[in-house]
1. Report whether or not Ala122 is more than 29 Å from Gly31 (Cα to Cα), among the aliphatic types (A, V, I, L, M) and loosely packed, with under 13 Cβ neighbours inside 10 Å.
2. Name the residues in the range 61-70 that are more than 19 Å from the chain's Cα centre (by Cα) and surrounded by 14 or more Cβ atoms within 10 Å (Cβ to Cβ), would you?
3. Name the single residue, out of those in the range 125-159 being touching a Ser or Thr at 6+ places or on another chain (Cβ under 9 Å) and part of a helix (DSSP H, G or I), that is farthest from Phe109 (Cα to Cα).
4. Restricting the range 152-165 to residues that are more than 12 Å from Ala20 (Cα to Cα) and not small (Gly, Ala, Ser), which is surrounded by the fewest Cβ atoms within 10 Å (Cβ to Cβ)?
5. What residue, among those in the range 80-91 that are within 22 Å of Phe23 (Cβ to Cβ) and open to solvent by 10 Å² or more (accessible area, probe 1.4 Å), is nearest to the chain's Cα centre (by Cα)?
Amino acid sequence: MNILVVTGSPRKNGNTEIMAETFAEAAKEKGHEVTVKKLSSLKVNPCLDCKYCFTHDGVCVQKDDMNSILKDLDKADLLVIASPIYWFDISAQTKCFIDRMYAFGKKGFHINSIAMLLNSGADGVYGAAEAQLKAISSYLKWELKGIIKVPNMEEKGSMSTSAGLQKVREFAQSL
């Protein structure tokens, strides 16, 4: 399976990227092809709703890093979105990425399944992110493979010693 993992934290080498790298490593061990795109190192602007992409086979008019992500998205069977929870929802960077997926709104997607890796400083703050993912998968008729949530990640790097990281490994190996 070809898996695209997109991390939406602005913090380089933080908890979200640790989760994503652990997932990618475990999925590769099971024989999957995995590409990780870190939004912390990329420039993805908000969608302009100009619909240029609708008349140009999913190519966006904006000349930023989303165009390379769209190429990877076009080959992926499974999309894994990894995001911290900031103020009860996914990060703004993650939201920009999701909005820019609109470029394939007319063209369609190769993807047939989706999953999410979430972390936060507290528990009980995942409702909005879960609702959005469920709505996306329902609307696009993608199989929802799962949502892994790791709360209480209050410090950068806390994920490295979290028991939640084992859940991430097990999830990747179960695919």
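The values are calculated or read from the model by the stated rules, or taken from the named source; none is laboratory data. Values in this document were obtained by computation on a predicted structure and should not be read as measured data. Glycine also receives a Cβ, built like all others from the backbone with ideal geometry; neighbour counts cover every protein chain displayed. The accessibility values were calculated without ligands, DNA or RNA, using every heavy atom of the protein model including side chains. Shrake-Rupley method; radii C 1.70, N 1.55, O 1.52, S 1.80 Å.
1. Working: more than 29 Å from Gly31 (Cα to Cα): yes; among the aliphatic types (A, V, I, L, M): yes; loosely packed, with under 13 Cβ neighbours inside 10 Å: yes.
When the stated conditions are applied, Ala122 passes them.
2. Gln62
3. The qualifying residue farthest from Phe109 (Cα to Cα) is Met159.
4. Filtering the range 152-165 down to residues more than 12 Å from Ala20 (Cα to Cα) leaves 152-158, 161-164.
Checking which are not small (Gly, Ala, Ser) leaves us with 152-156, 161.
Details: Asn152: 13, Met153: 23, Glu154: 10, Glu155: 10, Lys156: 14, Thr161: 8.
Residue satisfying both the conditions and the ranking: Thr161.
5. If we filter the range 80-91 for residues that are within 22 Å of Phe23 (Cβ to Cβ), which is where we start, we get 80-86, 89-91.
In the following step, the residues that additionally are open to solvent by 10 Å² or more (accessible area, probe 1.4 Å) were identified as 85-86, 89-90.
On the way: Ile85: 13, Tyr86: 15, Asp89: 13, Ile90: 10 Å.
In this case the residue turns out to be Ile90.
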